[in-house]
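Below: one structure, written as structure tokens.
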Amino acid sequence: QVQLVESGGGLVQPGGSLGLSCAASGTIFKYYDMNWYRQAPGKQRELVASFTSTGTTNYCDSVKGRFTISRDFAENTVYLQMNNLKPEDTAVYYCNAQNAIVHYWGQGTQVTVSS
């Protein structure tokens, strides 16, 4: 059974930092692109950062320079380090694993940036 389990969300003040983790199990994830998405209330889910199976990283414009995605292929884990957080970063963050055939999703973890 494929599982993606996120952890690390919470409440942080503007300008603060949080780190998210996503532990994957149930398949050979080194062949998958691993991504972080987020969805704010009333908005569509958006791709925040990706770490492809070949080692390429990409970020949406709004988080470039503030967020860093990393991946431990041996541990099947992907991380998202979020610095200089802003209120507009408030959302449920989802871990995603995908290849050409399937998408897998985690349950999501809430990140709230507020003073």
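The values are calculated or read from the model by the stated rules, or taken from the named source; none is laboratory data. In this text, all values refer to a predicted model and were calculated from it rather than measured experimentally. Don't worry about glycine lacking a Cβ; one is built from the backbone with ideal geometry, like all the others, and counts go over all protein chains shown. Surface areas here come from the heavy atoms of the whole protein model, side chains and all, with no ligands, DNA or RNA. Shrake-Rupley method; radii C 1.70, N 1.55, O 1.52, S 1.80 Å.
Solvent exposure of Tyr104, expressed as accessible area, is near 60 Å², computed with a probe of 1.4 Å over the protein chains only. The 1.4 Å probe gives accessible areas that order Val48, Val5, largest first, as Val5, Val48.
Give the calculated FRET efficiency between Lys30 and Cys60 to the nearest 0.05, with a Förster radius of 25 Å applied to their Cβ-Cβ distance. The partial results should precede the final answer.
Numbers: r = 24 Å, r/R0 = 0.97.
Between Lys30 and Cys60 the formula returns 0.55.
If the viscosity is 0.890 mPa s and the temperature 25 °C, what translational diffusion coefficient in µm²/s does Stokes-Einstein give for the range 22-78 when Rh comes from Kirkwood over Cα pairs? Present the calculation step by step, with values, prior to reporting the outcome.
Working: Rh = 12.2 Å.
It comes out at roughly 201 µm²/s.
To the nearest 20 Debye, how big is the dipole of the chain about its Cα centre, given +1 on the beta carbon of each Lys and Arg and -1 on that of each Asp and Glu? All intermediate terms of the calculation are to be shown ahead of the outcome.
Working: 8 positive and 8 negative charges, 25 e Å.
Charge dipole, the chain, about its Cα centre: 120 debye, nearest 20.
Give the ranking of Leu18, Leu80, Leu47 by solvent-accessible surface, highest area first, calculated with a 1.4 Å probe.
Leu47, Leu18, Leu80
Taking 0.36 nm per residue of separation and subtracting the current Cα-Cα distance, fully stretching the chain between Leu47 and Thr68 would add 6.2 nm. Listed by chain and number, the aspartates and glutamates placed with their C-alpha closer than 15 angstrom to that of Lys86 are Asp61; residues fewer than eight positions away on the same chain are left out. Normalised radius of gyration (Cα atoms, divided by 2.2 N^0.38 Å) for the chain: 1.00.
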